[in-house]
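Please treat every number below as a calculation from the coordinates, not as lab data. Not measured: the values here are computed from a predicted model. Positions of Cβ are generated from backbone atoms using ideal geometry, with glycine treated the same way; all protein chains shown enter the neighbour counts.
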Amino acid sequence: MVDNKNILEGIIKFAGSSYYNEWKPYLLKLLRLSRSKRINRSPIDSISIQLAIAKTIMEAEQIIQAQQKEYKFQKDNPNIIFNMRLRHILKEIADGIAWRQLGFNRPLMRLLSQNKSPGYLKHEVSKEDDVAINKVTYGNQVIIHDITNIMRVGDLTVIDSKGYPNVLEIKSAGKKVWDADAYRNLLRKGGDLSNQASKVLEIDNALKTGVIKFGSKNAYIHYTDMPLYSNLDTVQNIITMCNEKGICGTFVDRMMYIRAFKVTAEIDSLELPFKLSKHWSDLSNLDTLYISNGEIYRNRISYVAYPFSEEIVLQLLSGEIILECYIDMIELKKRFEKSGWRIKFESNSKLRKKSNKTERSKLYSGKSLYNIDIDTKLFTISKDGFNMQIGAEHMGYILFDFLKPEIITDTASLIRELTEKTKSNNYITTSYLRERDIWI
């Protein structure tokens with residue numbers, strides 16, 4: 001979890017400001033519209049919401065740039081802080097649209113996020129806008145990448161009437177539109193592909209074949225309708241009580257502690273009801289308010305998709321409410337062992353060595369979507385000779401998305417069964433079809 005008082009102070013200033021209160025009605029309206037099933041089914045209405053988000057982000061960007069130029073040594077300038085917060089909230093709303101339009105398909109979203117940083121809106125009239133509007137007139141759904149945090153490969157995703165997503169790159173101020181087929185033709189003619197173009201082609205190959213290149217191995221995409229269980233009802237109750245009392249926390253299944261507190265409330269103490277030691281793992285939405293490049297952050301479901309009211313969602317996006325989740329890894333280990341799984345944790349020294357091996361930004365700069373050094377293995381679970389590595393993104397299911405830990409062991413059982421059937425030692429990545437029943 002982020003341990004930075006300056007970040008929290010910035011959040012407190014924003015959440016308690018007249019600036020935030022002035023923007024609240026507009027942001028709540030955007031949230032309601034972006035979460036509407038009717039609007040999400042309509043390509044025209046969906047792109048209209050995205051263009052409104054794009055316009056507001058560009059206005060915020062202009063203020064940030066002007067203020068940074070004038071007050072370059074004043075990092076705590078309120079106008080800079082507030083507009084950065086506004087930009088972040090708007091991008092989160094756009095993330096919700098992207099997750100929804102792509103059916104909460106985690107493998108696909110992970111592919112689309114395999115770049116070092118989110119897109120940036122540079123121009124008052126974006127080069128993607130005209131292309132997006134043109135595609136919509138033919139009945140296609142369109143996602144504008146630069147208004148999101150998570151869509152980092154290509155400029156637009158166009159979803160046809162059959163639900164197939166096609167990633168586009170827009171060149172020459174919208175005069176040239178490149179997709180995977182255009183890049184295949186370029187290769188056949190002996191041309192070279194840029195790193196970004198190679199990634200666009202790799203995504204399309206993965207969608208067509210169900211195979212993702214992962215280092216020297218393949219990862220096969222498997223779609224499963226296995227049951228999923230969540231703690232979201234508990235989270236909602238905690239936040240409701242937090243709004244009444246200023247702070248609320250509770251233990252869940254004797255191994256997890258979930259707490260919410262309101263940054264503008266007068267709270268006597270933030271002391272935890274247990275001793276926080278090295279075997280506790282913890283995360284909060286404070287981690288996501290400024291950081292977006294880690295594996296967990298890029299794979300988490302946007303708060304916009306949570307089945308909560310728009311008012312609660314906005315509190316989480318703005319940082320008005322800090323939502324924390326702590327998990328006792330020793331108790332998690334016992335839980336896995338009860339169901340017949342053995343668990344072996346990575347040593348802290350190995351984790352540090354892995355995380356320092358190469359700068360993360362360099363890992364994303366090549367032509368391949370995946371590099372084996374990007375993921376951090378936290379522990380390994382095993383059963384009857386079968387082993388499965390559990391990485392940061394898997395723990396994110398529990399700590400950020402509040403799914404119950406069974407998602408890890410049930411997935412491992414599924415992969416074990418598939419591995420025995422295929423006699424393959426390649427990776428298998430899963431898309432959970434029932435996530436559509438959990439999220440809005």
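Tabulated results
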quantity	calculated
Cβ crowding within 10 Å averaged over residues, with 18-31, 319-332 ranked highest first	319-332, 18-31
Label-point separation in nm, SER161 to SER424, each point 7 Å along Cα→Cβ	3.3
Rounded Å value of the spacing that divides the Cα centres of region 8-63 and region 381-440	34
Rg and Dmax of the chain, Cα atoms only, in Å	22.0, 69
Violating pairs (Cα-Cα greater than 32 angstrom) within the set LYS55/LYS217; LYS13/LYS199; LYS116/LYS208	LYS55/LYS217; LYS13/LYS199
Label-point separation, LEU186 to ASP268 (7 Å along Cα→Cβ), nm	6.5
Partner aspartates and glutamates for LYS24 [C-alpha distance under 14 Å; skip if fewer than 8 residues away on the same chain]	GLU310, GLU311, GLU320
Cα-derived Rg over Rh, computed across region 5-209 with Rh taken as Kirkwood radius	1.00
Antiparallel bridges, percent of DSSP beta bridges restricted to the chain (to nearest 5)	90
Under 16 Å from the Cα of LYS135 - aspartates and glutamates, other chains or at least 8 residues apart	ASP45, ASP155, ASP160, GLU169, ASP179
Under-5 Å amide H pairs with VAL252, H placed in peptide plane, nonlocal only	TYR257, ILE258
